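To start, the structure itself, in structure tokens.
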Amino acid sequence: MNTAKKILRFTVVGFLLAASSAHGAAPSAGTVTIPAGVYRPLTRSTTDPESVAVAAFSLGVLPVTNVEFLAFVRAHPQWQRSRVSPLFADATYLQHWAGDLDLGADAPADAPVVNVSWFAARAFARARGQRLPTVAEWELAASAGYTTPSGRDEPEFLRDLYAWLARPSPAVLPSVSTAKANSHGARGLHGLVWEWVDDFNTAMVTGESRADTGLDRDLFCGAGAVDARDTGDYAAFMRQALRSSLQARQSTSSLGFRCAASLQLPSVSP
Amino acid sequence: MNTPAPRHLVRGVLAALLTLSVAQAAEGFSPTKGPVTLPPEVAALPVEQAVLTSPPLVPPPIARRTPARVIVNLEVRETVMRIADGVEYTFWTYGGTVPGSFIRIREGDVVEFHLNNHPSSKVPHNIDLHAVTGPGGGAASTFTAPGHSSRFTFKALNPGLYVYHCATAPVPMHIGNGMYGLILVEPKDGLPKVDKEYYVMQGDFYTSGAFGEPGLQSFDMAKSIDERPTYVLLNGSVGALVGDKALTASVGETVRLYFGVGGPNLTSSFHVIGEIFDRVFPEAGTKYIQENVQTTMVPAGGATVLDFKVDVPGTYVLVDHSLSRAFNKGALGMLKVSGPEDRVIYSGKEVDAVYLGAQAGAGSDSSKRQAELQTQIAAEIKANPAIAGLTKEMTIEKGKQVYMQNCFACHLPNGEGMAGVFPPLVKSDYLLADRERAIRVVLKGLTGKVTVNGTTYNSAMPPQQDALTEEQVADVLTYVTNSWGNSAKPYTIDEVRRVKNESR
């Protein structure tokens, strides 16, 4: 990468950070830049590319907290629990809050917000001028370990990851501040809550037609390994299973989200 | 499988959004098809709630001889439980136990199955019942997010004993965390009557720590992929069927085990030590009934039905006869049978006698080679002045260790022997008079009459030449001839070897 491009990127990031802090009413922990990289989908059809190039993007350091979401529903009453359209959220929506504008004991202010539908998460991000990360972006960011770009090669990272995956969700979630940072500086991608992604429902397949690709997305059991990139990445299978188990209006008590944004890099002539 | 969006809702400005939502949902999520319309003759069947039991118990036999509509409610719960003493593990369960609740229905029943995934669950789950005819055995129809509930209906077409299990990716982890159980579909005319029925399942578990390592253990993906289980268990924990929790029966009763293997990886060479299976339904099929079986092979994701009459009281141990699993990984349980003895069928131990085996066992090539190497080492040591100073005390200490392992049981720790049975070593004229004879006795044993300090003994000492090295023989003789008031020159390896080779 040439130096000019690098400088440009830092300038842009600096600008974004400055902008968000100037905006500053919401207690946001800021963003990190995830450098461009390559995402290799866990499952794909024969006509899908083996890897997907992911441009550098901006990602929230932390998942969205209850208090941040409370500010959002205050400003956008149509997303309050008693007012939300059943088309966009089911009965689990914010069910752990004490009321429409009352967090209560089960939803500490600094804990990640959960029980939010994909529609609600997306609306929150849009209200901030942001969006949800894509599967490719999220997986790229989350593949980093504590100290290296590849968590799969860090025993300590893997141990923490699988210990978390094996635990049931606690009734009351911990503060986002308890989350360890990965090498990009993003925190809590693993170890706090599952997170919505923008294209969550394409997780199982990206082909246009099942008949065309020969990929049967209803495969379970051992058949789930058919077409899989890396059958040894159990954590990726679990994320994929979670994503495919949900519809956009549904949620669970362990599913939250964080925001992302594209980096509008000025075009650089080659 | 593309369910069209409900037409009456696709209206106005929301149309585009909603269509998108349903279409997207169809990508990974098995779309909801709505309740099945039952034909009148099925709708008219009596409705009953299935009785579910926790292992090792089995619901009572089905008395009715006509089909019914059976409602099964099964809850999936991820819960921390004991896997061994001082060791905990986060099990993923059907009904809170490993294996999951036992389900008993009858051939021809129409089952309305509810799978409820507890809100605290970390991941989605589903169920593949091998008793179900249809794609995935119900897996796609029951794929359920945490805090959700799914329902589907199936008709039990085939009788038999079937495994059910979770089929959500990564499936080896879901099964490896305990997500399996058995469903019995009784044949229309029922099964032969027995006195006791029990439910036992084997499964392999992969923990981050070694067997018995205390604390809360995590699932170990690498061990799972390599199929190197830390635990192989009957009913989900070490000792689940032992002691107070052992299965029980009385003499004369016929016991039936519904035995299944959850896996995820290992099969079972299932055996009950001290019993012969009078009747086996191999692979839990119903047509060919095998008789008089010692060990039956049960595949992972398979089951068997085993009947046997217990004739003699005692404890019968259930094992996977791949015995490292039983001895080192927990794969054993117990059946305690009470009642009167029948010593003609089984007498118990009648006689205990001494048997010495060969007195002049030939050393193997390996032990000869070892001896050569030891000679070399001794020579090297002797050539080194620093080590040549190795003291008699050191030899005596080494000899004492040999004595306390091999000799003290008869000659006693103080060397006084047992009056009239085993001769003393303390101030023993027989021991101290003849060095070569002493070596010979240790190497080759001594049987018959011998006089020690004026007392005659008629006993037997087993040969030690295969148990002890030449150095150990020298050491132990140095010890006994320099302890308890005895005093003699240290024995050397050369002396021992000379005697050892004399008969060859």
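The values are calculated or read from the model by the stated rules, or taken from the named source; none is laboratory data. Note that the structure is predicted; figures quoted are calculated from it, not measured. Neighbour counts run over all protein chains shown; Cβ positions are idealised from the backbone, glycine included. Just so you know, the surface numbers come from the protein's heavy atoms only, side chains and all, with ligands and any DNA or RNA stripped out. Shrake-Rupley method; radii C 1.70, N 1.55, O 1.52, S 1.80 Å.
Some values worked out for this structure:
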item	result
Helix-derived mean residue ellipticity, 222 nm - over chain B, DSSP H n ≥ 4, -39500 (n - 2.57), to 500	-6000 deg cm²/dmol
Computed log₁₀ I(q)/I(0) - Debye formula, equal Cα scatterers, no solvent, region B:367-489, q 0.10 Å⁻¹	-0.33
Label-to-label distance, nm, for residues given as B:Glu253 and B:Asn328 (7 Å Cα→Cβ offset)	3.6
Fully extended contour minus Cα-Cα distance, from B:Asp494 to B:Asp278, at 0.36 nm per residue	71.6 nm
Radius 12 Å from Cβ of B:Tyr94, net charge of other residues (Lys, Arg +1; Asp, Glu -1)	-2
A:Arg131-B:Val36 FRET efficiency (beta carbon distance; Förster radius 25 Å; 0.05 resolution)	0.05
Phi to ³J(HN,Hα) by Karplus 6.51 cos²θ - 1.76 cosθ + 1.60 over region B:278-288, Hz, x for Gly, Pro	5, 8, 10, 9, x, 6, 6, x, 10, 8, 9
Estimated inter-spin distance, B:Val80 and B:Met418, nm [label 7 Å along Cα→Cβ]	5.3
25 °C / 0.890 mPa s Stokes-Einstein diffusion coefficient of region B:59-154, Kirkwood radius on C-alpha pairs, µm²/s	168
Measure of compaction for region B:185-339 (Cα Rg per 2.2 N^0.38 Å)	1.07
Long pairs among B:Lys400/B:Lys489; B:Lys368/B:Lys444; B:Lys196/B:Lys245; B:Lys400/B:Lys449; B:Lys368/B:Lys500; B:Lys188/B:Lys309, criterion Cα-Cα beyond 18 Å	B:Lys400/B:Lys449; B:Lys188/B:Lys309
Tensor-based shape of region A:69-139 (alpha-carbon gyration tensor, a/c under 1.5 rounded, otherwise prolate or oblate)	prolate
Accessible area per residue in Å² at 1.4 Å probe, computed on chain B	47
P(r) tail fraction, region B:160-251 - alpha-carbon pairs more than 17 Å apart, %	62
Extension gain (nm, one decimal) between B:Gln290 and B:Ala409, 0.36 nm per residue minus Cα-Cα	37.8 nm
Loop trypsin sites (Lys or Arg not before Pro), region B:264-341, which have at most 11 other Cβ atoms in a 10 Å radius of their Cβ (DSSP)	B:Lys287
Descending semi-axes in whole angstrom, ellipsoid equivalent of chain B, from the Cα gyration tensor	68, 29, 17
12 Å beta-carbon shell around A:Thr92, net charge (K/R +1, D/E -1)	+1
